[in-house]
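K.L.:
The structure follows.
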Amino acid sequence: VNRCAEMGIEVLPPDVNSSDHGFVVSGNSIRFGLDAVKNVGHQAVQAILDAREKDGEFESIWDFCERVDTRAVNKRAVECLVKCGALDSTGASRLGMLGALPAAASFGQKSQEDSRMGQSSIFDLGGAESSAPKVHPEIPPGEFEKAELLELEKESVGRYVAEHPLAAV
């Protein structure tokens, strides 16, 4: 990371919508791989990549928890992904996503269990796929202070990626 900064190459945090297992080139930048996130193993990363390949980019934490196999990606892994900024591309704040995580994780687990058991919603009568968009509660507004965001990043990736707290000094 330091060498890239010296060379003028921006190092971007992991992102569930554009990262792979390892580092990837993203324009003139390098993006951290999802394998670098603590508590997110190889199998979890593969489940994320498979879900993204199958149905496209993730639009929210609700969408992520519903589509990614909860047997491979547990609540703790999703929490670490939120903390390091891997779900920032959904447009919600990390503070808001962490607040919504318990409900989103429960919803995703229940949805996947129902799907595996062949159960459907009352709105799916007739066997046709429901065309009505799924409505989830809004992600609460507000965000952590910059120093807190950097600490969350350090905690979940093991280093400061966006910037070092002493860089301004």
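The values are calculated or read from the model by the stated rules, or taken from the named source; none is laboratory data. Computed from a prediction, not measured in an experiment: that's the story for all the values here. Ideal geometry is used to build each Cβ from the backbone, glycine not excepted, and the neighbour counts take in all protein chains shown. Heads up: the accessible areas ignore ligands, DNA and RNA and are worked out on the full protein's heavy atoms, side chains in. Shrake-Rupley method; radii C 1.70, N 1.55, O 1.52, S 1.80 Å.
K.L.:
For region 25-49, which positions are buried (at least 17 other Cβ atoms within 10 Å of the Cβ) and in a strand (DSSP E or B)?
P.N.:
The one that is buried (at least 17 other Cβ atoms within 10 Å of the Cβ) and in a strand (DSSP E or B): R31.
K.L.:
Is it true that A132 is farther than 23 Å from L34 by Cα, of a type in the set (G, A, S) and modelled with pLDDT of 90 or more? Walk me through it before giving the result.
P.N.:
On the way: farther than 23 Å from L34 by Cα: yes; of a type in the set (G, A, S): yes; modelled with pLDDT of 90 or more: no.
No: the conditions fail for A132.
K.L.:
Also: Mind checking which residues of region 56-84 are farther than 14 Å from N17 by Cβ, part of a loop (DSSP other than H, G, I, E, B) and not acidic (D, E)?
P.N.:
Within region 56-84, T70, R71, A72, V73, N74 meet the criteria.
K.L.:
Looking only at region 50-59, count how many residues are over 22 Å from V135 (Cβ atoms) and surrounded by 13 or more Cβ atoms within 10 Å (Cβ to Cβ). Steps first, answer last, please.
P.N.:
Restricting attention to region 50-59, the residues satisfying the condition of being over 22 Å from V135 (Cβ atoms) are 50, 52-54.
If we keep only those that are surrounded by 13 or more Cβ atoms within 10 Å (Cβ to Cβ) too, we end up with 50, 52.
Summing the residues that are over 22 Å from V135 (Cβ atoms) and surrounded by 13 or more Cβ atoms within 10 Å (Cβ to Cβ) in region 50-59 gives 2.
K.L.:
Which members of region 20-45 meet the condition of being among the hydrophobic types (A, V, I, L, M, F, W, C), under 13 Å from the mean Cα position of the chain (by Cα) and farther than 17 Å from D88 by Cβ?
P.N.:
A44, V45
K.L.:
Would you confirm whether or not region 64-75 contains a residue that is buried (at least 21 other Cβ atoms within 10 Å of the Cβ) and within 20 Å of L149 (Cα to Cα)?
P.N.:
no
K.L.:
Looking at region 146-169, which of the residues that are within 25 Å of V40 (Cβ to Cβ) and loosely packed, with under 15 Cβ neighbours inside 10 Å is modelled with the lowest pLDDT?
P.N.:
The initial filter retains those residues of region 146-169 that are within 25 Å of V40 (Cβ to Cβ), namely 146-165.
Still in the running and loosely packed, with under 15 Cβ neighbours inside 10 Å: 146-148, 155, 158-159, 163, 165.
Numbers: K146: 91, A147: 90, E148: 93, E155: 93, G158: 90, R159: 88, E163: 80, P165: 77.
My answer is P165.
K.L.:
Here is a further query. Please enumerate the residues belonging to region 85-103 that are part of a helix (DSSP H, G or I) and open to solvent by 50 Å² or more (accessible area, probe 1.4 Å).
P.N.:
Keep residues of region 85-103 that are part of a helix (DSSP H, G or I), which gives 88-90, 94-103.
Of everything in region 85-103, those that are part of a helix (DSSP H, G or I) and open to solvent by 50 Å² or more (accessible area, probe 1.4 Å) turn out to be D88, S89, L95, G99, P102, A103.
K.L.:
Consider K38 carefully, then state whether it is over 22 Å from L149 (Cβ atoms) and among the charged types (D, E, K, R). It would help to see each step written out before you state the result.
P.N.:
Working: over 22 Å from L149 (Cβ atoms): no; among the charged types (D, E, K, R): yes.
No, not satisfied.
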